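Notes follow the structure.
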Amino acid sequence: MKLEGVIYCGDNLEWMRQFPDEFVDFIYIDPPFFSNKYYEVIFNDGAEVRSFEDRWKGGIEHYIGWMRERVFEMHRILKRTGSFYLHCDWHAEHHLRLMTDDLFGASNFKNAIVWQRFTFHADAKRFGNVNDTILFYTKSNKYTFHRQYRPYKERYIKSHFKYVDADGRKYRLDNLNPPAGRGPVYEFHGVTRPWRFTKEKMLEIERQGRIYVSPGGIPQIKRYLDETKGQAVHTIWDDIPPINPRAKERLGYPTQKPEALLERIIKASSKEGDLVFDPFCGCGTTLVVAHRLRRRWLGIDVAPTACKLMKWRLAKAGARPVEIIGIAYEREELKKLTPIEFQNWAIGIMSGTASDRKTADMGIDGYSFMERDPIQVKQQESIGRPEIDKFETAIRRARKQKGYVVAFGFTKGAYDEVARVKRKNDLEIELLTVRELVEKYGK
């Protein structure tokens with residue numbers, strides 16, 4: 001079983017139960033929020049719709065139970081030195097915190113990070129909810145953590161770095177007190193007390209011109225702005241905005257998180273070569289960022305359409321080859337899918353886009369990539385002339401000259417009608433059996 005560089009399609013619980021113990025270094029999850037909003041159903045994907053409905057029946061208790069059995073598996077496959085981040089919002093945060101405290105141990109809880117994703121949110125008769133929460137746990141007291149920094153705000157620079165040397169470098173003055181008041185004791189510039197550095201180090205700093213003696217005779221050290229890492233990141237993250245409608249990284253995925261957010265998290269709790277795992281990987285932001293940061297990666301998502309998008313996005317980022325495991329290709333498996341799941345499977349194979357309209361779709365189930373030519377999908381064995389005639393009308397209504405019909409099989413009358421339409425009306429309809437679809441567009 002492949003355990004890196006692959007996307008598994010399907011229920012993450014079923015896949016994780018097949019994984020070995022303690023092989024993952026880092027896990028980030030952005031699971032479906034308990035928010036009662038259907039915007040979380042992505043791409044009109046049947047598998048996601050069904051999974052969404054399964055999460056909701058039974059209310060919050062069912063949702064936490066659904067989450068618990070999955071987080072249990074994540075805890076099992078996480079290394080003893082590993083870290084776990086759970087992204088949630090206010091609807092279920094307190095329930096999830098109790099659940100993860102129980103599974104990871106309250107002593108392994110590290111932070112509740114507040115990510116401010118809105119600057120304003122109009123909530124009637126209460127304070128506006130403008131943030132998500134990211135719960136940070138480790139599996140033991142031995143784990144990777146690299147402090148992260150953010151640029152100083154201009155206001156802070158003006159108030160703290162208010163001195164400028166002869167070279168035009170901004171600096172601030174800092175005391176030379178040792179940590180906890182414990183340090184080597186000696187005389188320096190007429191002052192005898194504990195100091196932060198040894199006397200040899202202090203003299204070296206003075207030779208560099210970094211010691212300033214105040215009018216009161218107290219030595220201080222110059223801290224230059226261009227040498228600082230910035231402000232240490234704490235638990236309030238208000239410097240990473242959500243993805244705006246015009247952002248280059250925007251993919252149209254309703255719950256897509258910015259790459260900067262994942263970059264900070266992955267940098268903080270992993271190192272190059274570590275295995276990063278996201279079992280709710282959606283449009284693949286975690287995997288793409290992990291690849292860019294030279295981490296190994298592994299992902300799972302329930303939606304075939306999302307898996308196809310991830311594969312394209314990873315390939316664009318230079319990750320090759322990218323394999324999807326679990327999308328149904330066998331005839332009998334495909335027949336077991338619900339009509340909407342089969343429809344989105346077929347459109348996904350073509351890298352197309354599902355129609356926004358699920359009722360009164362006028363005979364068009366989706367559109368091809370780039371050209372946006374109509375696609376109609378039929379989960380039937382023998383599509384005949386009448387269906388082709390109706391689809392011809394749909395193509396004309398869409399003002400297109402080409403369209404695709406996908407089915408398990410077509411009658412001779414269907415092929416004859418396609419030839420007639422092309423000859424008389426110069427309109428092209430391509431008939432694709434499931435076998436031909438797989439052969440042409442591949443995995």
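The values are calculated or read from the model by the stated rules, or taken from the named source; none is laboratory data. Here the structure is a predicted model, which means the values were calculated and not measured. Because the Cβ atoms are built from the backbone with ideal geometry, glycine has one as well, and the counts that use them run over all protein chains shown.
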* Sole residue being over 30 Å from Ile300 (Cβ atoms) and modelled with pLDDT under 90, chosen from Asp389, Asp426 -> Asp426
* To do: Show the residue pairs that are 6+ apart or on different chains and have beta-carbon atoms under 8 Å apart, the first residue being within the range 112-126 and under 21 Å from His94 (Cα atoms), the second being loosely packed, with under 11 Cβ neighbours inside 10 Å.
  => none
* Of all residues in the range 90-127, how many are part of a loop (DSSP other than H, G, I, E, B) and of a type in the set (Ser, Thr, Tyr)? -> 1
* To do: Filter the range 257-293 down to residues that are part of a loop (DSSP other than H, G, I, E, B) and over 12 Å from the mean Cα position of the chain (by Cα), then give me how many there are.
  => 6
* Note down all Cβ pairs under 7 Å where the first residue falls in the range 1-15 and is touching a residue at least 40 places away in the same chain (Cβ under 8 Å), the second is among the small types (Gly, Ala, Ser), and they're at least six residues apart or on different chains. => Ile7/Gly299; Tyr8/Gly326; Cys9/Gly326; Gly10/Gly326
* **Selection status of Asp365, over 25 Å from Ile324 (Cα atoms) and in contact (Cβ under 8 Å) with a residue 12 or more places away in the chain** => no
* Asked: Quick check, is Ala247 among the aliphatic types (A, V, I, L, M), surrounded by 13 or more Cβ atoms within 10 Å (Cβ to Cβ), out of contact with any helix residue (DSSP H, G or I) (no Cβ under 9 Å at 6 or more places or on another chain) and within 28 Å of Lys308 (Cβ to Cβ)?
  -> yes
* Structure fact -> Per the filter on the range 50-82, residues touching a helix residue (DSSP H, G or I) at 6+ places or on another chain (Cβ under 8 Å), at pLDDT 95 or above and not basic (Lys, Arg) are Glu69, Val71, Phe72, Glu73, Met74, His75, Ile77
* To do: Please enumerate the residues belonging to the range 211-236 that are surrounded by 13 or more Cβ atoms within 10 Å (Cβ to Cβ), of a type in the set (A, V, I, L, M, F, W, C), part of a strand (DSSP E or B) and in contact (Cβ under 8 Å) with a residue 40 or more places away in the chain.
  => Ile221
